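Enquirer: Encoded as structure tokens, here's the structure I'll be asking about.
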Amino acid sequence: MSAGPALAATPATVPLASPQPRLLYDACPLCSDAEISVLRTGDCSRHPLYKPVVAPVMTWMRCAGCGHVFTDGYFSDEVSAEIFSATNPNQQPGAGFEQNRYTSARIVERVARHVPDGRWLDVGFGNGSLLFTAEEWGFEPHGLDLRPSTAEGLRRLGIEAHCADLTELDAPGRYSVISLADVLEHMPYPGEGLAAAHRLLRDGGVVFASMPNYDCSVWRLLDAGDANPYWGELEHFHNFSRRRLYELMEEHGFEPLQYSVSERYRACMEVIARRV
């Protein structure tokens, strides 16, 4: 059995005074264009994970160069640790797995058309449904999550799991599939996540990514009814369009292969891309 990846230690959660300011972007986090402007604001105070350590209003920016939409800043490590100290019960390993199995199966079926076997690393694995289902297809499941309790829960179910950031893994070429299901929009600099995935994948391996698509009809309908929850999504730093996601993938050595409408959440998209 091959050795697991080297991992950095997980920082402890430290109680903080409130509210803590975000670490502000001085340029677009995707293309580095300094011409950015305020697009709108959103209320995150009703988010299930909201804590007063975070300001209740989020400010969204738009890049004049590439059109990307992102928050005005991201959380410090200390604030992130405090937010991640709480876990949604539905995201505990094994919770609701049977109900999610059918949706996960359709994802695995699509991925398996491009890569039939090997190690599958699921980043931010939540209840583990995607990994449990991938194992049925013959993949070797591995999990990565920022929440210590979630990683420990998956290990108790017999699956290798680590508590770390994707960019901290030191295992070049170890994986055949890396799934970033609703992950890139949580990263301050998503390009770093894709660069890490490219490094960790074997030649010809694939990445599966899902996230909200702000350039789709459902998003526009939610906006028209003033009922779009994503403007107040506490854990999100980015809103991607299909076009901008494809461009970012290509910039980091991936060839997009397939686009699908996600069954997981409203107004979301799924993309499979090959490492080239």
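The values are calculated or read from the model by the stated rules, or taken from the named source; none is laboratory data. For clarity, every value in this text was computed on a predicted model and none was experimentally measured. Counting neighbours? That spans all protein chains shown, and the Cβs are built from the backbone with ideal geometry, glycine included.
Enquirer: Grab the strands (runs of 3 or more DSSP E) fully contained in the stretch 29-137, keeping just those with 3 or more residues being not assigned by the TED database to the domain that holds residue 268.
Expert: Of the strands (runs of 3 or more DSSP E) lying wholly inside the stretch 29-137, those with at least 3 residues that are not assigned by the TED database to the domain that holds residue 268 span 36-43, 57-63, 69-71.
Enquirer: One residue is enough: does the stretch 172-186 have a residue meeting the conditions surrounded by fewer than 19 Cβ atoms within 10 Å (Cβ to Cβ) and more than 13 Å from the chain's Cα centre (by Cα)? Give the steps one after another, and end with the answer.
Expert: To start, the set of residues in the stretch 172-186 that are surrounded by fewer than 19 Cβ atoms within 10 Å (Cβ to Cβ) comprises 172-173.
The next check asks that each one be more than 13 Å from the chain's Cα centre (by Cα); those that pass are 172-173.
Yes, the stretch 172-186 contains at least one residue that is surrounded by fewer than 19 Cβ atoms within 10 Å (Cβ to Cβ) and more than 13 Å from the chain's Cα centre (by Cα).
Enquirer: Among the residues of the stretch 242-265, is there at least one that is of a type in the set (D, E, K, R) and within 26 Å of residue 84 (Cα to Cα)?
Expert: Within the stretch 242-265, one or more residues are of a type in the set (D, E, K, R) and within 26 Å of residue 84 (Cα to Cα).
Enquirer: List pairs: first in the stretch 96-117 and farther than 18 Å from residue 138 by Cβ, second among the small types (Gly, Ala, Ser) and assigned to a helix (DSSP H, G or I), Cβ under 6 Å, 6+ apart or cross-chain?
Expert: Short answer, once both residue conditions are applied: 97/129; 100/129.
Enquirer: Anything in the stretch 146-164 that is among the hydrophobic types (A, V, I, L, M, F, W, C) and either closer than 26 Å to residue 253 by Cα or outside any loop (DSSP other than H, G, I, E, B) (or both)? List them, or say none.
Expert: Correct list: 146, 151, 154, 161, 163, 164.
Enquirer: Examine the stretch 138-145 for a residue that is outside the structural domain of residue 53 (by the TED database), part of a helix (DSSP H, G or I) and touching a helix residue (DSSP H, G or I) at 6+ places or on another chain (Cβ under 6 Å), and state whether such a residue exists. Working first, answer last.
Expert: Initial filter on the stretch 138-145 (outside the structural domain of residue 53 (by the TED database)): 138-145.
The next check asks that each one be part of a helix (DSSP H, G or I); those that pass are none.
No, the stretch 138-145 has no match at all.
Enquirer: Still on this structure: Scan 57, 79, 115 and give me the residue that is buried (at least 17 other Cβ atoms within 10 Å of the Cβ), touching a Ser or Thr at 6+ places or on another chain (Cβ under 7 Å) and among the β-branched types (Val, Ile, Thr). Steps first, please.
Expert: On the way: 57 fails: buried (at least 17 other Cβ atoms within 10 Å of the Cβ); 79 fails: touching a Ser or Thr at 6+ places or on another chain (Cβ under 7 Å).
Answer to the selection: 115.
Enquirer: Tell me which helices (runs of 4 or more DSSP H) are completely within the stretch 165-276 and hold 2 or more residues being within 22 Å of residue 139 (Cα to Cα), or say none if there are none.
Expert: Values: elements: 190-200, 217-224, 242-251.
In the stretch 165-276, 190-200 are the helices (runs of 4 or more DSSP H) which contain 2 or more residues that are within 22 Å of residue 139 (Cα to Cα).
Enquirer: Could you please let me know if residue 95 is under 23 Å from residue 258 (Cα atoms), touching a Pro at 6+ places or on another chain (Cβ under 7 Å) and of a type in the set (Gly, Ala, Ser)?
Expert: Values: under 23 Å from residue 258 (Cα atoms): no; touching a Pro at 6+ places or on another chain (Cβ under 7 Å): yes; of a type in the set (Gly, Ala, Ser): yes.
Spelling it out, it is not the case that residue 95 is under 23 Å from residue 258 (Cα atoms), touching a Pro at 6+ places or on another chain (Cβ under 7 Å) and of a type in the set (Gly, Ala, Ser).
Enquirer: Mind listing whichever residues of the stretch 162-183 are more than 22 Å from residue 82 (Cβ to Cβ), of a type outside the set (Ser, Thr, Tyr) and in contact (Cβ under 8 Å) with a residue 60 or more places away in the chain?
Expert: Within the stretch 162-183, the subset more than 22 Å from residue 82 (Cβ to Cβ) is 169-181.
Now restrict to residues that are of a type outside the set (Ser, Thr, Tyr): 169-174, 177-178, 180-181.
Answer for the stretch 162-183, where residues must be more than 22 Å from residue 82 (Cβ to Cβ), of a type outside the set (Ser, Thr, Tyr) and in contact (Cβ under 8 Å) with a residue 60 or more places away in the chain: 169, 170, 171, 174, 177, 181.
Enquirer: Condition (residue is crowded, with 17+ Cβ neighbours inside 10 Å, of a type outside the set (A, V, I, L, M, F, W, C), modelled with pLDDT of 95 or more and within 30 Å of residue 19 (Cβ to Cβ)) applied to the stretch 138-149: is it met by at least one residue?
Expert: no
Enquirer: To continue, here is another question. Looking for whichever is in contact with a helix residue (DSSP H, G or I) (Cβ under 7 Å, 6 or more places away or on another chain), surrounded by fewer than 23 Cβ atoms within 10 Å (Cβ to Cβ) and either more than 20 Å from residue 40 (Cα to Cα) or outside the structural domain of residue 112 (by the TED database) (or both) here; the options are 235, 192. Which one fits? Talk me through it step by step, then tell me what you get.
Expert: On the way: 235 fails: either more than 20 Å from residue 40 (Cα to Cα) or outside the structural domain of residue 112 (by the TED database) (or both).
Going through 235, 192 in turn, the sole match is 192.
Enquirer: Just wondering, is there one or more residues in the stretch 64-80 that are within 23 Å of residue 150 (Cα to Cα), of a type in the set (S, T, N, Q) and modelled with pLDDT of 90 or more?
Expert: yes
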